[in-house]
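The values are calculated or read from the model by the stated rules, or taken from the named source; none is laboratory data. Being a predicted model, the structure only gives us computed values, none of them experimental. Please note: Cβ atoms are built from the backbone with ideal geometry, for glycine as well, and neighbour counts cover all protein chains shown.
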Amino acid sequence: MKTYQVVLSKNYVITVNAETSGEAKRVCEFYTGNIQDISTDVDRQKEKFEIENMECTLNETFECIEIETT
């Protein structure tokens, strides 16, 4: 089996209650973790793959807007 390094980017929209937009951004960056390998042994055998390592290389908020709630 060959080894490949794949760059994967995912974006999340997180709704959070906080005192300020700066605090909202900080807690979202701090309290959200790396994605995890959720494959099972059956998945890996059937699809013939193995995820060796996953590393978070970017954890930065880009936008923070206050939303109205009813």
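For a quick check of your reading of the model, give me the residue pairs whose first member lies in region 1-30 and is surrounded by fewer than 10 Cβ atoms within 10 Å (Cβ to Cβ), whose second is in a loop (DSSP other than H, G, I, E, B) and of a type in the set (Lys, Arg), with beta-carbon atoms closer than 8 Å and at least 6 apart or on different chains.
Between residues of region 1-30 that are surrounded by fewer than 10 Cβ atoms within 10 Å (Cβ to Cβ) and residues that are in a loop (DSSP other than H, G, I, E, B) and of a type in the set (Lys, Arg), the close pairs are MET1/LYS48.
Please state which one of GLU52, GLU47, GLU66 is in contact (Cβ under 8 Å) with a residue 40 or more places away in the chain and closer than 21 Å to LYS2 by Cα. Steps first, answer last, please.
Numbers: GLU47 fails: in contact (Cβ under 8 Å) with a residue 40 or more places away in the chain; GLU66 fails: closer than 21 Å to LYS2 by Cα.
Criteria check complete, one pass: GLU52.
Out of the residues in region 24-70 meeting the condition of being hydrophobic (A, V, I, L, M, F, W, C) and in contact with a Cys (Cβ under 9 Å, 6 or more places away or on another chain), tell me which one is nearest to LYS10 (Cα to Cα).
Looking only at region 24-70, we keep the residues that are hydrophobic (A, V, I, L, M, F, W, C), and these are 24, 27-28, 30, 35, 38, 42, 49, 51, 54, 56, 58, 62, 64-65, 67.
Next, only the ones that are in contact with a Cys (Cβ under 9 Å, 6 or more places away or on another chain) stay: 24, 28, 35, 64.
Values: ALA24: 19, CYS28: 15, ILE35: 9, CYS64: 17 Å.
Across region 24-70, the extreme among qualifying residues is ILE35.
How many residues, within region 1-46, are under 18 Å from the mean Cα position of the chain (by Cα) and part of a helix (DSSP H, G or I)?
Applying the first criterion (under 18 Å from the mean Cα position of the chain (by Cα)) to region 1-46 yields 5-16, 24-39.
Adding the requirement that they be part of a helix (DSSP H, G or I) leaves 24-31.
Selection size over region 1-46: 8.
For every residue, the table says whether it meets (1) closer than 23 Å to THR69 by Cα; (2) at pLDDT 85 or above.
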residue: VAL13; (1), (2): yes, no
residue: GLY22; (1), (2): yes, yes
residue: CYS28; (1), (2): yes, no
residue: THR32; (1), (2): no, no
residue: GLN36; (1), (2): no, no
residue: SER39; (1), (2): no, yes
residue: ARG44; (1), (2): no, yes
residue: PHE49; (1), (2): no, yes
residue: CYS56; (1), (2): no, no
